[in-house]
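Read the structure below first, then the notes.
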Amino acid sequence: MEMKSSEQKGIFSSPITTLGKAPLGWVDELGAVAIFLSRAFLRIFRPKQVSSIIQQIYYIGAKSANIVMLVGFFTGMVLGLQLYHTLVKFGSAGVLGSAVALSLVRELGPVLTAIMITARAGSSMTTEIGIQRISEQIDALSTMRIDPLRYLISPRLAASIISFPLLTALFDIIGIIGGYISGVMLLGLDSGTYFYRVQSSVGMEDINGGFVKAVVFAVIVSTICSFKGYFAHMRKDSYGAKAVGLSTTSAVVVSCALILVGDYVVTYFLM
């Protein structure tokens, strides 16, 4: 009877155990990411970090400027084209500048900039740190009494916090120019009307809101990408080079998903 009851207990508890594993795993990883972020952030303010931060600003920020400007330009052109034909139906083509500028500054600028940086610099960040982990270079740093978080993670976090808002501003400006080319130069809208609407409709609260989102996205992307690379050796589904590849894929997917989730949360609190 005891064996039978224990078998029945195992049968009935198995689905509940399986159901609970996923949430517990998410909570466990969320706690690990929070500790990882806090430790890396505190190490930003240690001495001799400026040169490393500048190097990462160049790689994360300056090297991503071309793709950000390209995407921003064509995003603005598409917005100008689509919004013009929509506004004409309601006799409101004159507010095209307001529609383009507010769409870019409030939403599309921070989100698309963060996604582009994730695709270019975030994936590289995960791969580089992951290779250093599986080749035991991070262990060698610890052996030499060099803090890996201070040496590898903190400069990337600081550089992301600086670079994301700057690239977002660049995206917004280039996007507004793209909207001008579509609406004014190609579709015949008055130039003065376009820029007057841009100037009158965009306020500091809109710009500040976009920068707040950019900083939040910077923390998300740099933390997730660094975390996935730093602990690539602890993956249960693979090891070695394959673990680095899977970690990179996971970092990009999770970062992009959290960018959209974070965008909603920040927008909710800023409205």
Which one of SER154, SER200, SER255 has the biggest mean-square fluctuation once the chain is modelled by GNM with Cα springs under 10 Å?
SER200
The range 186-244: which trypsin sites (Lys or Arg not before Pro) are DSSP loop and have at most 14 other beta-carbon atoms within 10 angstrom?
LYS236
In deg cm²/dmol, rounded to the nearest 500, the helical mean residue ellipticity at 222 nm of the chain, built from -39500 (n - 2.57) for every DSSP H run of length 4 or more, is -25500 deg cm²/dmol
What number, in percent, do you get for the relative contact order of the range 62-270 if the mean sequence gap of Cα pairs under 8 Å and at least 6 apart is divided by its residue count?
37
As a quick test, which of the pairs LYS21/LYS48; LYS213/LYS236; LYS48/LYS213 have an alpha carbon distance above 31 angstrom in this structure?
LYS21/LYS48; LYS213/LYS236
Placing +1 on each Lys and Arg Cβ and -1 on each Asp and Glu Cβ in the range 94-244, then taking the dipole about the Cα centre, the residue among ALA101, ILE138, ALA214 whose Cα reaches farthest towards the positive end is ILE138
Can you work out ³J(HN,Hα) from phi for every residue in the range 258-266, in order, using Karplus 6.51 cos²θ - 1.76 cosθ + 1.60 and θ = phi - 60°, giving whole Hz and x for Gly and Pro?
6, 4, 5, 5, x, 4, 5, 5, 5
To make sure I understand the rule: partners must be aspartates and glutamates, Cα under 20 Å from the Cα of LYS228, and not fewer than 8 residues away in the same chain. Which ones qualify?
ASP28, GLU29, GLU128, GLU136, ASP139, ASP147, ASP237
Cut-off is 10 Å between beta-carbons; in what order do LEU152, LEU258 appear when sorted fewest neighbours first?
LEU258, LEU152
Would you look at the GNM of the chain, springs on alpha carbons closer than 10 Å, and say which of GLY210, GLY130, GLY25 moves the most?
GLY25
For the range 59-128, listing trypsin sites (Lys or Arg not before Pro) in a DSSP loop whose Cβ sees at most 15 other Cβ atoms within 10 Å gives LYS89
What is the order of ASP172, ASP190, fewest Cβ neighbours within 10 Å to most?
ASP190, ASP172
Hull-based mean projected area of the chain, where the convex hull spans the alpha carbons, in square nanometres
20.6
Give me the dipole magnitude in Debye, nearest 20, for the range 62-270 about the Cα centre, with unit charges on the beta carbon: positive for Lys and Arg, negative for Asp and Glu.
400
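Quick note: the coordinates plus some simple rules give every number you see, no bench work behind them. Because the structure is predicted, anything quoted here is derived from the model rather than measured. When we count neighbours, we look across all protein chains shown, and the Cβ atoms used for this are built from the backbone with ideal geometry, even at glycine.
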